[in-house]
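The values are calculated or read from the model by the stated rules, or taken from the named source; none is laboratory data. All values derive from a computational prediction rather than experimental measurement. Neighbour counts are summed over all protein chains in view; Cβ atoms, including those assigned to glycine, are modelled from backbone coordinates with ideal geometry.
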Amino acid sequence: MTDSTSPESFQDEVANAELIVTCGPGGVGKTTTAAALGVAAARAGRRVVVVTVDPARRLADALGLEVGAAADAPHRVTGVPGVGKGSAGGELWALMLDAASTFDRLVHEQTANPKQAAAILENPVYRAISGSLAGAQEYMAIERLHQLYTSGDWDLVIVDTPPSRHAIDLLEAPDRLIGFLGHPVYRALTVGQRAFAKVTNAAASMFLWAVRRLAGPQIVEDTVEFFRSLANIEPGLRRRAKEVSVLLRSEAASFVVVSSPRAEAIGEAEHLIGALRDGAFPFGGVVVNLIHPMPEQLSAADRLDLDDLADGPLAEQLAWHDELTDLAMAEREEIAGLADLAEDVVVVELPLLAVDVHDVEGLVGLADRLVGGH
């Protein structure tokens, strides 16, 4: 986003960014990192909302998140030192992404009247796909970010993106929606009945006949009706997708890639960094989480004395020391390659902790590490 005042911390991002998107492979601590960045920003006096995706139960409890649709509304996080009453004005709020609720909200915003909205929301096909359509969660994460950002209620919006085998799906979601709206099949399904009859050739007629035989005529009618209802909000969807695409590439945004030192996670993080640069997205930095500590190295003399140990507990401890050393060195080789790729941005390395971060106290400690306070 902007030149960092401290190349080893995210102090500048949490103080100045208006949007932060944490992304990367699954199981590397994206949700915890997003929450900790929110804590750091709130302690810096900013009004922050963090959008999480499927947090661990204890972390969800710490953030005051409930299960179900109620979690889609922002909840204030209490108990954060330096945030709240008597503070410099900082506030921390959190919500859990609900793709179906976000999709519903988008339909209401883009339709001209309640009748048009009902035609879409009550359609069986819409109800079936709104929360499970391929790519819907990625797009709705970005849509929720846009809704919160444009509300004007927040100084900073942080989104923890869905884990994905192909993290690039998130970046391409707005452009894929625009492409879908221009697809010939979609165009054919959304024209009027007479025009539809004209553009439907013999092959398409056979296809629809086969679908009717396999799935029943009602599913075909519901599907066609769904796409025709969607046509009513097509201009709004196109406009919103373009707005989101521009917003994600603006100076207000900052993408933070989170990884672990595992080779497969590093590989996906490197791919994502390449996609961020190729797509002109503002790349704010990298967090490498869950790094094993480097054991104290043995001197040559100590090593010589221990090489001829007989089998027993001490020999087992030496073997464990050697295995941990090899693992730690391999992790650092992986991290070095990633750091070279991200040489012009912040890179923060976080150690593997004795316990998972699952409460406010742990988030505060992690926040200090991310902004250079610890």
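Can you tell me which residue is farthest from Ala336 (Cα to Cα) among those in region 250-304 that are polar (S, T, N, Q) and touching a residue at least 24 places away in the same chain (Cβ under 8 Å)?
Ser250
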* To do: Residue by residue through region 271-297, note down the ones that are buried (at least 19 other Cβ atoms within 10 Å of the Cβ), closer than 19 Å to Glu349 by Cα and either in contact with an Asp or Glu (Cβ under 6 Å, 6 or more places away or on another chain) or not small (Gly, Ala, Ser) (or both).
  => Leu272, Ile273, Phe283, Gly284, Val286, Val287, Val288, Asn289
* Could you grab me the full set of residues in region 143-163 that are surrounded by fewer than 23 Cβ atoms within 10 Å (Cβ to Cβ), of a type in the set (A, V, I, L, M, F, W, C) and part of a helix (DSSP H, G or I)? => Leu148
* Asked: Among the residues of region 120-134, which ones are modelled with pLDDT under 75 and crowded, with 17+ Cβ neighbours inside 10 Å?
  -> Val125, Ser130
* Structure fact -> Output for Cβ contacts, cut-off 7 Å, separation at least six or different chains, first residue at pLDDT below 90 in region 346-366, second part of a loop (DSSP other than H, G, I, E, B), reads His358/Ala56
* Structure fact -> The number of residues in region 245-259 that are in contact with an Asp or Glu (Cβ under 7 Å, 6 or more places away or on another chain) and part of a helix (DSSP H, G or I) is 1
